[in-house]
Amino acid sequence: MPPLCGFGGSNDEPNRHRNQEAPAQEAQRTGKPLSRKVVVIGDGACGKTSLLNVFVHGHFPENYEPTVFENHVKDMTIENVPVELALWDTAGQEDFDRLRSLSYADTHVICICFSVDQPTSLENVVTKWIEEVHELCPGVKVCLVALKCDLRDDPATKASLARYQEYPVQYEQGLEVAKSIRASRYLECSARFDRGVREAFEEAARVAIHARRRGETRGSGPGENGDHDGQRPSSCVVS
């Protein structure tokens, strides 16, 4: 399993040395953490909560309990910048669509998750999740995260999917979708075995440092938006 794949950095790098780096530089100088918000979304039962629990608490939950809404805070140091990373866990079920929309306010980065043992969860990245992001958070940067990568070569998982003429999602498939939705990063990890988990959030935090949230304009945020279709401030719409 490739533990980590990042792309899109070339769109961010030239902007890191402009006047919008002031907040990151101030955080370095004062030691006061830079506050950044990351919202984690994706289909129900794809592994979002397990991912967050392993990263924040070092614990993998064996029993599945649907999440309605939960927040975590993790202190990190990225590129010598102290960061207070607010992590928002969300419910993937349709019943919670409206409640989930409330979590998007003031977001710097959205991590869209799918599970390699649920091919439909990758399909929903394109048909549901990226559309929701475009509607409620136009311009906000996105990272695509593949979860449960330890099941990609699991015989029982393969046999179960084969009954429906399906196969575990391969690395190349995830990467292709990441490019199609113009994600800033494509990341793969296994929460059960704690493989690539910290690296995934380090990359998300790195993107967040150089992203702008709603209401920030050029010169007030830490970095350019870096969108492929032009530079524009990110925004989140809560209805």
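The values are calculated or read from the model by the stated rules, or taken from the named source; none is laboratory data. Here the structure is a predicted model, which means the values were calculated and not measured. Here the Cβ is made from the backbone with ideal geometry for all residues, glycine too, and neighbour counts use every protein chain on show.
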Quiz prompt | Glu216 vs. criteria surrounded by fewer than 24 Cβ atoms within 10 Å (Cβ to Cβ), at pLDDT 95 or above and not in a helix (DSSP H, G or I) | solution = no
Self-check item: Pairs, first farther than 12 Å from Asp117 by Cβ in segment 152-168, second aromatic (Phe, Trp, Tyr), C-beta under 7 Å, six or more apart
Solution: none
Quiz item: Somewhere in segment 85-105, is a residue over 15 Å from the mean Cα position of the chain (by Cα), assigned to a strand (DSSP E or B) and within 16 Å of Arg198 (Cβ to Cβ)?
Solution: no
Quiz item: Before we move on, is Ser35 modelled with pLDDT of 95 or more and either touching a Phe, Trp or Tyr at 6+ places or on another chain (Cβ under 6 Å) or not in a loop (DSSP other than H, G, I, E, B) (or both)?
Solution: yes
Exercise. Of all residues in segment 130-158, count the ones that are farther than 16 Å from His108 by Cα and surrounded by fewer than 24 Cβ atoms within 10 Å (Cβ to Cβ).
Key: 10
Practice problem: Please determine, by comparing only the residues of segment 25-70 that are small (Gly, Ala, Ser) and out of contact with any helix residue (DSSP H, G or I) (no Cβ under 6 Å at 6 or more places or on another chain), which one is farthest from Leu187 (Cα to Cα). | Solution: Gly31
Practice problem: Output the number of the condition that Asn63 fails; it satisfies all remaining conditions of (1) assigned to a strand (DSSP E or B); (2) exposed (fewer than 13 other Cβ atoms within 10 Å of the Cβ); (3) of a type in the set (S, T, N, Q). | Solution: (1)
Exercise. Could you list all residues from segment 187-205 that are closer than 19 Å to Glu176 by Cα and either in a loop (DSSP other than H, G, I, E, B) or modelled with pLDDT under 95 (or both)?
Key: Cys189
Quiz prompt | Subset of segment 159-186 (residues that are in a helix (DSSP H, G or I) and either under 24 Å from the mean Cα position of the chain (by Cα) or crowded, with 17+ Cβ neighbours inside 10 Å (or both)) | solution = Leu161, Tyr171, Glu172, Gln173, Gly174, Leu175, Glu176, Val177, Ala178, Lys179, Ser180
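Yes or no, residue by residue, for (1) within 17 Å of Cys143 (Cα to Cα); (2) free of Cβ contacts under 8 Å to residues at least 12 places away in the same chain; (3) aromatic (Phe, Trp, Tyr):
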| residue | (1), (2), (3) |
| --- | --- |
| Glu62 | no, yes, no |
| Thr77 | no, yes, no |
| Val81 | no, no, no |
| Trp88 | yes, no, yes |
| Arg100 | no, no, no |
| Ala105 | no, no, no |
| Ile110 | yes, no, no |
| Cys113 | yes, no, no |
| Asp117 | no, no, no |
